[in-house]
Amino acid sequence: MLRINDEITLADWELTESFSRASGPGGQNVNKVSTAVELRFEAARSPNLAPAVKNRLKRLAGRRWNSEGALIIRVEDTRSQARNREIAQERLAELIRAALVVPKRRIATKPTLGSKRRRLDAKSRRGNVKALRGKITGEE
C-alpha cells in the first residue's frame, strides 16, 4: 500500500518489486547482495488514476513507461536494499503527484498597438544603420 496524497492510495497488486545485483560502489558486497530495486507500477490498469492523469503520467515517464502500460523505476543509488526501495517509492509518488497537476491553458493574446509600433520603429532604425555601412563613393 503506497499513499500518494489524501485521495490516492495505490494497492499492493498494482506494485511489484524485483531485486537484482547493482553496479557501482559496494565492494565485495556488490557481488553477493541484490540491492538494486526495480519497482513496477501497473499504471494503465490502475483504477485509482483518472485517464487524464494517466496520459500526463505517460508523458512524464518517457522511456520508463513500457508497451504493457507499466511504469518501471529502477534504483541502485545506495548499498542498502531497504533505502533503495524507499527511494523508488518516493520517485513514483513524486511522478504521480506531478501528473496530478493540471497544466494551465495558455490564453493567446494580441500584441498591443504600441508594441507593434515600437517593433517596426526599431526595425527601420536598424535598417538605416545597416544601409549606411556601404562603401563610400564620390569624394577622393
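Read the figures in this text as sums done on the coordinates, not as results from a lab. The structure presented is a predicted model; accordingly, all values stated were derived computationally and were not measured.
Points to keep in mind about this one:
- The angle separating the long axis of helix 113-131 from the principal Cα axis of greatest extent in the chain is about 60 degrees.
- Inverse of mean 1/r across different Cα pairs in the range 95-140, Kirkwood, Å: 15.7
- For the range 2-100, the Kirkwood estimate of hydrodynamic radius, built from reciprocal distances between every pair of different alpha carbons, is 14.1 Å.
- On Cα atoms only, tilt of 51-61 relative to the major axis of the chain in degrees: 80
- Counting only alpha carbon atoms, the long axis of helix 81-100 and the longest principal axis of the chain meet at about 50°.
- A full extension of the chain between LEU132 and SER34 corresponds to an added length of 28.0 nm, given 0.36 nm per residue minus the alpha carbon distance.
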